[in-house]
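The values are calculated or read from the model by the stated rules, or taken from the named source; none is laboratory data. What you see is a predicted model; the values in this text were computed from it and never measured. Cβ coordinates were reconstructed from backbone atoms using ideal geometry, including for glycine residues, and neighbour counts include every protein chain displayed. Only protein heavy atoms, including side chains, enter the accessible area calculation; ligands, DNA and RNA are left aside. Shrake-Rupley method; radii C 1.70, N 1.55, O 1.52, S 1.80 Å.
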Amino acid sequence: MAPKNRSQAKPPAQPQSFTKSLAISAIVIALFSAIYLFLDSHLEWFYIFSPEQLKDVSQRALAAHGNDTTSVVKYIVDELSEKLPGGYVNLDEEWIFNNAGGAMGAMYIIHASITEYLIIFGTAIGTEGHTGRHTADDYFHILAGTQLAYAPGPGSYLPEIYPQGSVHHLHRGTVKQYKMDEACFALEYARGWIPPMLGFGYADTFTSTLDFPTLWRTSYVTGREMIKNLLMGKL
């Protein structure tokens, strides 16, 4: 009797599905990276405020009202609302506690969108902390009091001093220690990618304060303003 032919072992299947998934992932990452780099290089298209404009209105508000911070804030918000009608400026003065980088103060969100935010931030009793390292340029227009800042480096033994009427520009990607002596309030303007900054604003809630009602209120007002601006075509 002739021996039966033994079935030959099949070669192992090639990992085609893994290779295909890897290729698709690489294409998707490359596509989103290209979109991000394109948008990041054209952020100016989406801004409705400018540092020069905000410095000008802040200084005119101080010239008109001096140390009456309530009237200074109203002057700024009223003018911005008049020049940018349609709901880009939040006229409802909703003050919310803010803990970030170890510092505590309060803020009034005037505008929040994907590429800009504008707030009044400060405290009546002083605070100190870490600025955070952000994906946006940050401009502090000092409306009341004095802000101190420090960045370590060779020969850096004195604080930067920002009195009323001055502007402290924290460049995108840089970091400093800062202090607001006693009562100090500022018109804070950030321009760049705003959503990645939210983690810095939320972290202290989970690691320190456990103040979840304030976290919810911050998220609600910020989200409401961002969505409202998106629906109006404002990135």
*asked:* One residue is enough: does the range 205-216 have a residue meeting the conditions of a type outside the set (Val, Ile, Thr), in contact with a helix residue (DSSP H, G or I) (Cβ under 8 Å, 6 or more places away or on another chain) and in contact (Cβ under 8 Å) with a residue 40 or more places away in the chain?
replied: yes
*Is it true that THR205 is surrounded by 12 or more Cβ atoms within 10 Å (Cβ to Cβ), part of a helix (DSSP H, G or I) and of a type in the set (Ser, Thr, Tyr)?*
yes
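Look at PRO196 and say whether it is farther than 30 Å from LEU39 by Cα, open to solvent by 30 Å² or more (accessible area, probe 1.4 Å) and either in a helix (DSSP H, G or I) or at pLDDT below 95 (or both).
Criteria not met by PRO196.
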*asked:* Given the criteria within 30 Å of HIS65 (Cβ to Cβ) and either of a type outside the set (D, E, K, R) or touching a residue at least 24 places away in the same chain (Cβ under 8 Å) (or both), does GLY165 qualify?
replied: yes
*asked:* Looking at TYR189 and the list (1) of a type outside the set (Gly, Ala, Ser); (2) open to solvent by less than 40 Å² (accessible area, probe 1.4 Å); (3) modelled with pLDDT under 95, which single condition is not satisfied?
replied: (3)
*Scan the range 112-141 residue by residue and report those that are among the hydrophobic types (A, V, I, L, M, F, W, C) and open to solvent by 30 Å² or more (accessible area, probe 1.4 Å).*
ILE114, ALA124, ILE125
*Give the residues of the range 150-171 that are open to solvent by 60 Å² or more (accessible area, probe 1.4 Å) and closer than 14 Å to PHE140 by Cβ, sorted by residue number.*
ILE161, PRO163, GLN164, HIS171
*If a residue has to be surrounded by fewer than 21 Cβ atoms within 10 Å (Cβ to Cβ) and among the β-branched types (Val, Ile, Thr) to count, how many in the range 74-109 make the cut?*
1
*asked:* Could you check the range 73-111 and list, in sequence order, the residues that are of a type in the set (Asp, Glu) and in contact with a strand residue (DSSP E or B) (Cβ under 6 Å, 6 or more places away or on another chain)?
replied: GLU93
*For the range 49-91, how many residues meet the condition of being part of a helix (DSSP H, G or I) and either in contact with a helix residue (DSSP H, G or I) (Cβ under 9 Å, 6 or more places away or on another chain) or farther than 24 Å from THR222 by Cα (or both)?*
22
